[in-house]
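Below is one structure, written out as structure tokens, with a few remarks after it.
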Amino acid sequence: MSFSELGLDPLLLKSVLASGYENATPVQQLAIPAALTGRDLLVSSHTGSGKTAAFMLPSIQRMLAEPTVKGMGPRVLVLTPTRELAQQVEKAAITYGNEMRRFRTACLVGGSPYGLQLKRLSQPVDVVVATPGRLIDHLERGKIDFSRLEVLVLDEADRMLDMGFVDDIKAIAARCPKERQTLLFSATLDGVVGNLARELTRDAQRIEIEAVPHLESKIEQRLLFADNMDHKNRLLDALLRGVEMTQAIVFASTKRSTEEISDLLSESGFASDALHGDMQQGQRNRALQRLREGRTRVLVATDVAARGLDVAGISHVINFDLPRQAEDYVHRIGRTGRAGRTGIAVSFAGMREVGLVKNIERYTGNRIEIHTLPGLEPTQKPTSGRPAAAGRPRSNAGPRGGFGDKRSEPRSYSDRPPRGDSRDNRDRGYRADARPGGDRPAHSDAPRGNRADSAPRGPFGGAPRAAYGDRPPRNEAYRGADAQAAPKAEVNGNSVEYWEKREREAKAKAASPRSYGDRGNSARPGQPRSAGNENRGGGNRVGVRGRFKD
């Protein structure tokens with residue numbers, strides 16, 4: 001179906017034909033007529049299917065009519081997950097609106113200076129393409145007005161949710177007018193994406209184009225197994241030195257890995273650049289510009305370059321690290337084989353990453369052929385199960401002993417003598433063959449009888465202690481736990497005689513000279529009485545303290 005059959009305005013149709021497009025893709029054939037009716041849309045389509053034109057062409061056509069609300073704010077707002085995709089969407093909007101008078105756009109992304117963006121927003125603007133984070137900054141500063149907004153577009157909604165923008169998207173949608181058209185484009189409409197769609201849209205029409213993407217045969221997929229990181233680096237060096245490679249994008253899993261791999265390639269003589277989310281927008285633009293101009297041969301990037309990057313000279317995509325999501329694999333290898341060209345996608349896999357490879361094959365519906373490079377064949381075999389422990393083969397051959405069986409031979413550790421056959425590892429008690437400690441004799445081997453019939457026991461329930469070795473015997477004056485305590489005389493604390501006696505003792509204690517050598521409160525037999533803290537404050541106070549103490 002041609003674009004002329006979709007009901008587009010002649011001005012837009014002229015711009016589309018001038019861009020080289022003649023026939024509409026399946027998603028454009030279904031989404032453009034439905035969007036022209038003004039209904040909300042939920043569109044599920046894979047990358048490279050022409051989604052940008054599917055939502056941008058009907059949105060621009062609405063701006064041919066005069067706005068109902070006066071102001072300088074945008075009439076169309078497009079939210080994208082990455083800066084590169086935002087710049088690509090703005091470029092497409094400028095192309096489609098080339099024949100319109102006074103058509104202005106603004107791109108609000110992170111890493112770019114505020115000054116230029118504020119200058120764009122200070123004038124009437126028609127289309128704003130932004131990432132959620134930077135748009136929230138402008139909203140909080142009050143620099144953008146949504147009073148005349150007519151269309152809200154969420155491009156790559158699943159990716160934005162994966163990046164944690166769900167709260168920002170809800171906050172932005174709450175600022176938009178309720179009487180608007182919402183167009184949501186995503187690779188899937190299930191799960192959290194479906195919940196968000198139900199919350200932001202009203203009576204939306206659902207359009208699904210190939211829920212599971214089918215990769216074209218123009219991209220050759222290869223799989224190389226690597227033993228370790230050093231093996232990966234040697235495989236990468238060999239691939240980049242191949243005669244069939246013109247430009248390549250190497251995808252790594254972390255920002256730090258991109259920097260390390262790019263530095264390693266630069267030291268090896270390759271013209272390489274790094275691209276990740278922590279770079280300023282100016283640095284990212286210069287890296288992409290050098291790649292488009294051919295000055296950079298290898299671009300090492302994270303998944304920020306997996307969407308919205310269209311460079312015709314990319315012949316190879318190399319997955320140095322496999323993506324955790326199978327959908328990201330499709331977006332990565334889609335950077336090559338653009339516009340009908342052929343491309344090669346090579347993925348490095350560790351020996352324990354067979355599960356990730358199977359998930360990718362199940363998602364794409366294609367089997368990835370395993371290749372090897374001469375002289376760089378892997379020395380190990382890939383496995384999908386848990387590796388066996390060192391020294392313990394995962395074999396069921398041979399008899400297996402029970403958990404409670406004793407060892408047939410005593411175990412010996414270093415200089416330790418082996419255990420006897422009559423003791424197993426569960427024995428944690430006293431061993432008769434242990435070495436005696438110091439000069440203490442070994443305990444008696446006499447059988448234990450009833451405690452009530454045994455001899456008097458020691459302080460802690462054992463036998464009375466004797467003198468061991470050079471230890472002197474205890475002083476007879478010391479009264480241990482086994483000594484017989486002297487019976488105490490019964491005292492009537494309520495009698496007059498008792499209190500008179502206490503008063504006399506208190507007066508005698510107050511009249512005695514003070515001694516600061518021992519600050520104890522009571523005197524032991526044979527030791528001088530101290531008058532430390534007890535005589536503080538006068539005699540009466542000492543008596544009172546003694547009275548309450550007893």
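Remarks
- Qualifying position, being under 22 Å from THR372 (Cβ atoms) and under 27 Å from the mean Cα position of the chain (by Cα), among ASP237, ASP227: ASP227
For (1) closer than 22 Å to THR336 by Cα; (2) assigned by TED's automatic domain parsing to the domain that holds GLU179; (3) out of contact with any strand residue (DSSP E or B) (no Cβ under 6 Å at 6 or more places or on another chain); (4) of a type in the set (Gly, Ala, Ser), each residue gets a yes or a no:
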site: GLY7; (1), (2), (3), (4): no, yes, yes, yes
site: LEU11; (1), (2), (3), (4): no, yes, yes, no
site: LYS14; (1), (2), (3), (4): no, yes, yes, no
site: ALA24; (1), (2), (3), (4): yes, yes, yes, yes
site: GLN29; (1), (2), (3), (4): no, yes, yes, no
site: PRO33; (1), (2), (3), (4): no, yes, yes, no
site: LEU36; (1), (2), (3), (4): no, yes, yes, no
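- Pair list, Cβ < 7 Å and 6+ apart or interchain, from the stretch 258-279 residues that are surrounded by 15 or more Cβ atoms within 10 Å (Cβ to Cβ) to residues that are of a type in the set (Asp, Glu) and part of a helix (DSSP H, G or I): ALA274/GLU259
- Counted residues, the stretch 108-125 - those being closer than 26 Å to ASP278 by Cα and more than 30 Å from the chain's Cα centre (by Cα): 8
- Set side by side, the residues VAL89, VAL127 differ, and just one is out of contact with any Lys or Arg (no Cβ under 9 Å at 6 or more places or on another chain), outside the structural domain of LEU309 (by TED's automatic domain parsing), under 25 Å from VAL16 (Cβ atoms) and crowded, with 16+ Cβ neighbours inside 10 Å, which is VAL89.
- The set of residues from the stretch 159-187 being assigned to a helix (DSSP H, G or I) and of a type outside the set (Gly, Ala, Ser) comprises ARG159, MET160, LEU161, ASP162, VAL166, ASP167, ASP168, ILE169, LYS170, ILE172, ARG175.
- Count of the stretch 208-238 residues which are modelled with pLDDT under 90 and either among the aliphatic types (A, V, I, L, M) or part of a loop (DSSP other than H, G, I, E, B) (or both): 11
- Within the stretch 144-158, the presence of at least one residue that is more than 26 Å from the chain's Cα centre (by Cα), of a type in the set (Phe, Trp, Tyr) and either at pLDDT below 90 or assigned to a loop (DSSP other than H, G, I, E, B) (or both) is confirmed.
- Residue check, GLU150 surrounded by 19 or more Cβ atoms within 10 Å (Cβ to Cβ) and in the same structural domain as SER49 (by TED's automatic domain parsing): yes
To keep it simple, each residue is scored yes or no on (1) at pLDDT below 85; (2) farther than 24 Å from ASP303 by Cβ; (3) assigned by TED's automatic domain parsing to the domain that holds ALA34.
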position	(1), (2), (3)
CYS176	no, yes, yes
ALA187	yes, no, yes
ASP203	no, yes, yes
SER262	no, no, no
SER268	no, yes, no
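- Residue check, ARG120 in the same structural domain as ALA187 (by TED's automatic domain parsing), free of Cβ contacts under 8 Å to residues at least 60 places away in the same chain, among the charged types (D, E, K, R) and not in a loop (DSSP other than H, G, I, E, B): yes
- Scanning the stretch 123-164 for residues that are in contact (Cβ under 8 Å) with a residue 40 or more places away in the chain, out of contact with any strand residue (DSSP E or B) (no Cβ under 8 Å at 6 or more places or on another chain) and of a type in the set (A, V, I, L, M, F, W, C) yields a single hit, MET163.
- Among the residues of the stretch 19-57, the one identified as closer than 23 Å to CYS107 by Cα and without any contact (Cβ under 8 Å) to a residue 40 or more places away in the chain is GLY50.
- From the options THR105, THR131, residue that is at pLDDT 90 or above, under 24 Å from LEU57 (Cβ atoms) and more than 34 Å from the chain's Cα centre (by Cα): THR105
The values are calculated or read from the model by the stated rules, or taken from the named source; none is laboratory data. Everything numeric in this text was worked out from a predicted model, so none of it was measured. Backbone-built Cβ (ideal geometry, glycine too); neighbour counts: all protein chains shown.
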